[in-house]
Amino acid sequence: MKIHEFQAKKILKKYGVPIPRGAVAKTPAKAKKIAEELGGKSVVKAQIHAGGRGKGGGVKVAGTPDEAYRAAQQIIGMNLITHQTGPEGQKVKQVLVEEGLEVVKELYLGIVVDRALAMPVIMVSEAGGMDIEEIAATSPEKILKVAVDPATGFMGFHARKLSFGLGLEKDLNKQALSLIAQLFNIFMEKDATLVEINPLVITGNNRLIALDAKMTFDDDALFRHPDIKKLYDADELDRLEVEASQHSLNYIKLDGNVGCMVNGAGLAMATMDIIKLAGGSPANFLDVGGGASAEQVENALRILLADENVKVVLINIFGGILRCDRVATGMVEAAKKVKLQLPLVVRLEGTNVEEGRAILRESGLTFEVAMDFRDAAEKVAAITKTIVP
Amino acid sequence: MSILIDENTRVVVQGITGSEGSFHTKQMVAYGSKVVAGVTPGKGGQNVDGIPVFNRVEDAVVHEGANASCIFVPAPFAADAIVEAVDAGVDLVVCITEGVPVLEMVKVRSYLTGKKTRLIGPNCPGLISPGKCKIGIMPGTIHKEGKVGVISRSGTLTYEVVWQLTQRDIGQSSCIGIGGDPLVGTSFIDLLALFSDDPATDLIIIIGEIGGTAEEEAGAFVNEQVKKPVLGFIAGQTAPPGRRMGHAGAIISGGKGTAQEKIAAWEQAGITVVNNPALLGEAAASLLK
């Protein structure tokens, strides 16, 4: 689960990590008032989950409270498009207004779980401000890493290795040691999957401050973090994706026109791949779960049909322990309930497949029954070609 | 032959009294697996279809000679159950449960280091040695005894491949779903090594997907150490970056973990890669000629 910058900064503050003074505004008037209280220069930052806000025009420096008002007026309500939002962009509901700081140097500090090592890894770089992936691609020697073995947990050495490695001295070093330790505490205590301060800045008066903050949390651990769960912002997600998650369906909206429903994540990805190979374009990823019960099939059909780009539907179910005849019966019920109008190709395979196919053929619905995986994709592609865009 | 499990495997089911646990226990028994015990803390002394239930895994080991565990307990308690099974000294732990927190798995992986127990999963369908034993939730009937080893990060996609093989009368030595999570107990490499040494396996099929670098590591291992033919498919060629495709581990992050990179690594390693998953059965048949 992702959260906003201002929410992440609240967590940082609670753990004693220095952040710029500031507050959130939902109106230009409020933004002006915050800027007045801060005094001097301020920075107005759009609060959306996606990165790359600055380049998209979502971050503005204001010299006076009136400028902060105008900046907020421009940003609040705008449809911010960044490399992470996709072409449709994300509507901005609120801005964070912060004091402008005199920045001497920008650093990077981040923590993730390294999948190959199976341990949390803390990373720092003197090339702050750039994406860590960009640093890794252009100057990997500028990234310092240390893995924290769960057998020992976090030790002072972990922070020293990074802080001295960055060449920080005296008071700055002391600040960095404590800051790294606190950030690691957040990562572990809140079951984060990413905690990132980029940039972590050294200011003119020799202080380390988290100028930006990004945190994502392990969805599977939210059950033990009600405080984090509360920070969920459904407005940042696609409406259909939110609805799907309420039905425990894994649905991701894409931009094609072939709606698909599959049981199992791997098979669902493979189905998208095969649609593309056959010359079609998937409108979504949708995993109805290994069992594909009648109720889930109905929910899934309703959600994928709500995407108006969908012109044809492919259902690919591998019936294992839940037999194909049962799946087919559920599918017929679901298609009748949602009053399916679009062409539908069904590929059903596995236990009792003949009985299942017979149920589909005799249902009175216009199911195209595919004989195998490839046949299904080709049938879909053939239908897609007849649809005028 | 087969790897990891066979007719001598004695299974204890952790979470046997739950709905998933009791349902799949019946399925495993029907397939012919020797399920000798179940464990549900507090329900020791009961039985499920005649299978004795104990409070602790170690009791199942001592009294019933269990040497493998299959875990169906809910996600918040799954790491606890894994550690208990490892402590009890079983050779193999298969964790079916989906949704184990990543930081729990960090601890589990650390704890497993140096232990004799092998963990398969979590978030996996389990494994099967056709005709001998199945531990997990895969449909037994689609399998057939034979000489192809299958390793996969996915459940139903594995069934798809197995089905294509069995339809062509090509049997399997063992099929293992290693799990769709970012951190799992057993890697592609561990299993490639076992299949490589198994005289009854002639062809290895490996099914990868986007996210992480497990496929690239597997490719390097195949290149250096595997003399048998290896056939592969990577799911997620059309997956958008930054999105978790159902499995917690299936995500392209920071431009890394794409299907294209993985396919290139495998082709370089001499693995026969098919781009179309519908062609896996056909490709296996031609490699076995």
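Observations on the model:
- Surface composition of chain B: carbon and sulfur make up 50 percent of the accessible area, probe 1.4 Å.
- Exposure ranking of A:Glu236, B:Glu64 by accessible area [1.4 Å probe, largest first]: B:Glu64, A:Glu236
- Candidates A:Leu365, B:Phe54, A:Ile81 compared by Cα position along the dipole of the protein assembly as shown: farthest toward the positive end lies A:Ile81, with charges placed on Cβ.
- Pairs of alpha carbons in chain B whose separation is greater than 34 Å (percent): 17
- Cβ-placed point charges (K, R +1; D, E -1), dipole of region A:318-389 about Cα centre in debye, nearest 20: 300
- Solvent-accessible area of A:Thr271 with every protein chain in place, 1.4 Å probe, in Å² to the nearest 10: 0
- The relative contact order of chain A, computed from alpha carbon pairs under 8 Å that lie at least 6 residues apart in sequence, is 12 percent.
- Candidates B:Ile51, B:Ile263, B:Ile207: whichever shows maximal mean-square fluctuation once chain B is modelled as a Gaussian network with Cα springs under 10 Å: B:Ile51
- For region B:72-226, the antiparallel share of DSSP beta bridges with both residues in that region comes to about 35%.
- Label sites at B:Glu145 and A:Ala358, each approximated as a point 7 angstrom past Cα along Cα to Cβ, lie 3.2 nm apart.
- Other-chain or far-sequence residues with amide H under 5 Å of B:Glu209's (modelled H): B:Ala235
- Protection-proxy order for peptides B:77-83, A:43-49, each taking the mean of Cβ atoms within 10 Å per residue, highest first: A:43-49, B:77-83
- Area accessible to solvent at B:Ser22, 1.4 Å probe radius, in Å²: 30
- The residues of the protein assembly as shown expose on average 40 square angstrom of accessible surface per residue, using a 1.4 Å probe on protein heavy atoms.
- Size of charge dipole - region A:246-389 - debye, nearest 20, with Cβ of Lys, Arg +1 and Asp, Glu -1, no other charges: 240
- Cβ charges +1 (Lys, Arg) and -1 (Asp, Glu), total dipole of chain A, debye: 1040
- Buried accessible area, chains B and A (both chains, 1.4 Å probe, Å² to nearest 100): 3900
- Annotation for region B:156-171 versus region A:22-97: alpha-carbon center distance of 55 Å.
- Estimated FRET transfer efficiency (A:Ala147, A:Ala294; beta-carbon r; R0 45 Å; 0.05): 0.45
- Proximal lysines to A:Lys337, defined as alpha-carbon separation beneath 30 angstrom and excluding residues fewer than eight positions away on the same chain: A:Lys253, A:Lys276, A:Lys311, A:Lys379, A:Lys385
- Proximity of backbone amide H atoms, modeled 1.01 Å from N, is registered between B:Gly131 and no other residue at under 5 Å, excluding neighbours fewer than 5 places apart on the same chain.
- Inter-chain neighbour count for A:142-150: the average number of beta-carbon atoms from partner chains within 10 Å of each residue's beta-carbon is 1.
- For the pair region B:1-72 and region A:167-188, the centres of their Cα atoms are 49 angstrom apart.
- Other-chain or far-sequence residues with amide H under 5 Å of B:Ser33's (modelled H): B:Lys134
- A helix-only calculation puts chain B at -10500 deg cm²/dmol for mean residue ellipticity at 222 nm, using -39500 (n - 2.57) for each DSSP H run of at least four residues, averaged over all residues.
- Here the 3J(HN,Hα) profile of region A:119-129, calculated from phi with Karplus coefficients 6.51, -1.76 and 1.60 at θ = phi - 60°, is 9, x, 10, 9, 10, 10, 7, 7, 8, x, x Hz, Gly and Pro shown as x.
- Among A:Val59, A:Gly100, A:Pro28 - extreme Cα towards positive end, dipole of region A:1-116, charges at beta-carbon: A:Pro28
- Comparing the full protein assembly with the isolated chain (1.4 Å probe, heavy atoms, ligands and nucleic acids excluded), the residues of region A:269-309 losing at least 50 square angstrom of accessible area are A:Met269, A:Asp273, A:Leu277.
- Selection from B:Phe233, B:Val274, B:Ile210 lying farthest towards where the dipole of region B:193-289 points positive, charges on Cβ: B:Ile210
- Buried on complex formation within region A:62-103 (loss of at least 40 square angstrom of accessible surface versus the isolated chain, 1.4 Å probe, ligands and nucleic acids ignored): no residues.
- Region A:65-107, accessible surface, carbon-and-sulfur percent (1.4 angstrom probe): 48
- Listed by chain and number, the lysines whose alpha-carbon sits under 16 Å from that of A:Lys145, ignoring those within fewer than 8 places in the same chain, are A:Lys161.
- Over the C-alpha trace of the protein assembly as shown, radius of gyration and Dmax come out as 26.6, 80 angstrom.
- On full extension, the segment bounded by A:Asn185 and A:Asp66 gains 38.9 nm, given 0.36 nm per residue less the C-alpha separation.
- 10 Å Cβ neighbours from other chains, averaged over peptide A:191-202: 1
- 16 Å Cα-Cα reach of B:Lys134 towards lysines, excluding residues that sit fewer than 8 places from it in its own chain: B:Lys26, B:Lys34, B:Lys144
- Derived scalar couplings ³J(HN,Hα) [region B:222-227; Karplus, 6.51 cos²θ - 1.76 cosθ + 1.60; whole Hz; x for Gly, Pro]: 4, 4, 7, 10, 9, 9
- Helix-derived mean residue ellipticity, 222 nm - over chain A, DSSP H n ≥ 4, -39500 (n - 2.57), to 500: -11000 deg cm²/dmol
- Volume per residue of the C-alpha convex hull in region A:1-160, rounded to whole Å³: 147
- Distance from region B:216-278 to region A:298-341 (C-alpha centre basis), Å: 30
- Taking all protein chains together and a 1.4 Å probe, the residues A:Asp375, A:Asp171, B:Asp87 rank B:Asp87, A:Asp171, A:Asp375 from largest to smallest accessible area.
- Peptide B:138-146, shielding by other chains (average Cβ, 10 Å cutoff): 3
The values are calculated or read from the model by the stated rules, or taken from the named source; none is laboratory data. Note that the coordinates shown come from a computational prediction; the quantities given were computed from them, not determined experimentally. Here Cβ is always computed from backbone atoms with ideal geometry, including for glycine, and neighbour counts include all displayed protein chains. Quick note on the areas: whole protein, heavy atoms, side chains included, nothing else; ligands and nucleic acids left out. Shrake-Rupley method; radii C 1.70, N 1.55, O 1.52, S 1.80 Å.
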